[in-house]
Amino acid sequence: MSTESCIFCQIVAGNAPADVLHRDELVVAFRDIRQAAPTHILIVPARHVRSLMDLRPGDDGLLGHMFAVAQELAVQEKMGTRGYRVVVNTGPDGGQTVFHLHLHLLGGRRMHWPPG
Ligand code: AMP
């Protein structure tokens, strides 16, 4: 998929609407359009990375930063004490539907295990 047809690239570029909560040179975070929990935020790299399988050597900093932003937003959303879940669906069997790497940050209710 080209970056022009990638909805998350369009959001990163500011060319598609989104409820953006965080933006820096490496990542953008915005609310999921279909809220699966009272808080449901997506954290995406600014660069188009198709999935977890497409990270390159040297991307450790990017991945670490994505989790740091998840922690920051979890505190901002008052989930720091009770907890939350971070999910990375990867590939068709992993349930990935948008092929631009993203962390789902979910919270505000008790999560169940195993997931569906
Ligand atoms: P996944 O199934 O893990 O690939 O997750 C993709 C997520 O992106 C889903 O939870 C969708 O609801 C969400 N999504 C798709 N399009 C948009 C959009 N334009 N703005 C915000 N979230 C979106």
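Residue count for the range 83-111 satisfying the condition of being assigned to a strand (DSSP E or B) and either modelled with pLDDT under 95 or of a type in the set (Phe, Trp, Tyr) (or both): 1. If only residues of the range 81-95 that are within 18 Å of Val69 (Cα to Cα) and loosely packed, with under 11 Cβ neighbours inside 10 Å are counted, the one that is nearest to the ligand (Cβ to nearest atom) is Gly83. Scanning the range 25-49 for residues that are farther than 17 Å from Asp60 by Cβ and free of Cβ contacts under 8 Å to residues at least 40 places away in the same chain yields a total of 6. Leu63 meets all of the listed conditions (1) closer than 14 Å to His104 by Cα; (2) aliphatic (A, V, I, L, M); (3) within 15 Å of the ligand (Cβ to nearest atom) but one, namely (3). The C-beta contact set for the range 83-97 (first residue free of Cβ contacts under 8 Å to residues at least 12 places away in the same chain, second residue open to solvent by 50 Å² or more (accessible area, probe 1.4 Å) and not aromatic (Phe, Trp, Tyr), distance under 6 angstrom, 6+ apart or interchain) is empty.
Among all positions in the range 100-112, there is no residue which is over 17 Å from Gln35 (Cβ atoms) and either more than 16 Å from the ligand (Cβ to nearest atom) or open to solvent by 50 Å² or more (accessible area, probe 1.4 Å) (or both). In the set Ala16, Ala70, only one residue is open to solvent by less than 50 Å² (accessible area, probe 1.4 Å) and in contact with a helix residue (DSSP H, G or I) (Cβ under 7 Å, 6 or more places away or on another chain); that residue is Ala16.
Go over the candidates Ile7, Ile11 one by one and state the one that is of a type in the set (Val, Ile, Thr), over 12 Å from His104 (Cα atoms) and free of Cβ contacts under 8 Å to residues at least 40 places away in the same chain. Answer to the selection: Ile11.
Please indicate, with yes or no, whether at least one residue in the range 56-78 is aliphatic (A, V, I, L, M) and part of a loop (DSSP other than H, G, I, E, B).
No: zero hits.
Filtering the range 41-55 to residues that are within 16 Å of the ligand (Cβ to nearest atom), surrounded by fewer than 17 Cβ atoms within 10 Å (Cβ to Cβ) and not hydrophobic (A, V, I, L, M, F, W, C) leaves Arg50, Asp54. Taking Met1 as the residue in question, decide whether it is at pLDDT below 95 and surrounded by 12 or more Cβ atoms within 10 Å (Cβ to Cβ). Against the criterion (at pLDDT below 95 and surrounded by 12 or more Cβ atoms within 10 Å (Cβ to Cβ)), Met1 qualifies. Here Gly58 fulfils each of the conditions (1) exposed (fewer than 15 other Cβ atoms within 10 Å of the Cβ); (2) away from the ligand (no atom under 16 Å from the Cβ); (3) closer than 28 Å to Pro114 by Cα; (4) not charged (D, E, K, R) apart from (3).
The values are calculated or read from the model by the stated rules, or taken from the named source; none is laboratory data. Since the structure is predicted, the reported quantities are computational estimates derived from the model, not experimental observations. Every residue, glycine among them, receives a Cβ derived from its backbone with ideal geometry; neighbour counts consider all protein chains shown. Note: areas computed on protein heavy atoms with side chains; ligands, DNA, RNA excluded. Shrake-Rupley method; radii C 1.70, N 1.55, O 1.52, S 1.80 Å.
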